[in-house]
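Structure, as structure tokens:
What follows draws every value from the coordinates through simple rules; no lab data is involved. Just so it is clear, the model here is predicted, and its values are computed rather than measured. For neighbour counting, all protein chains shown are included, and Cβ atoms are generated from backbone atoms with ideal geometry for every residue, glycine included.
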Amino acid sequence: MVAVKMLNRCTLEFASQPENVAFARVAVAAFASQLDYTLPELEEIKVAVSEAVGNAIIHGYRNKPDETVQVKVVIYKSGIEIQVVDQGCGIADIDLAMQPAYSSDPERMGLGFVFMRSFSDRLQVVSAPGQGTTVIMFKHIKMRKAKARAN
């Protein structure tokens, strides 16, 4: 097994309030910009983070504003890993929860995991009832050709 070297990391922790979704998405995108992501790739990261944090607040904590959401971000040479962690109610059936249009809230569209899966290269969900949920997303950095030097 080859060890993968971490280049940088950060951890954000904030109250489970809807206003903090925007904070998390912008903070993670700013951190991710250390890598050579394109603007569309940064937008995809922002959407994935928004969905994961929103799920933690809405479904994990059932909109209780005094709980804590944690976002852990690790930058590697090959890309970025983002973990969104809550200690909420957990998910009884992860496979069902990841189905398009499924939601535990009938007022919701049920596309959060669809967006997370679409905008990350790897998605893992670890959860159990009463144990909280950890969503782990990885987005590779595409190797781009070096820009030609002007003579």
Counted charge near Met6, where neighbours are those whose Cβ lies closer than 13 Å (Asp, Glu -1; Lys, Arg +1):
+3
Could you tell me how many degrees, from 0 to 90 and to the nearest 10, lie between the Cα long axis of helix 39-55 and the main elongation axis, the longest principal axis, of the Cα atoms of the chain?
20 degrees
Once amide hydrogens are built 1.01 Å from N within the peptide plane, the residues lying 5 or more places from Asn63 or on another chain with amide H under 5 Å from its amide H are Ile58
For mean projected area of the Cα convex hull in nm², one of (i) 12.4; (ii) 10.7; (iii) 8.5 was computed from the structure I shared and the rest are decoys. Which label?
(ii)
So what's the angle, to the nearest 10 degrees on a 0 to 90 scale, between helix 19-32 and the longest Cα principal axis of the chain?
20 degrees
For segment 44-90, one quarter of the surface area of the C-alpha convex hull, expressed in nm², comes to 3.5 nm²
Three-way shape label, segment 1-68, alpha-carbon gyration tensor, a/c 1.5:
prolate
Could you tell me which residue out of His140, Val49, Cys10 lies farthest along the dipole of the chain toward its positive end? Charges go on the beta carbon: Lys and Arg +1, Asp and Glu -1, centred on the Cα centre.
His140
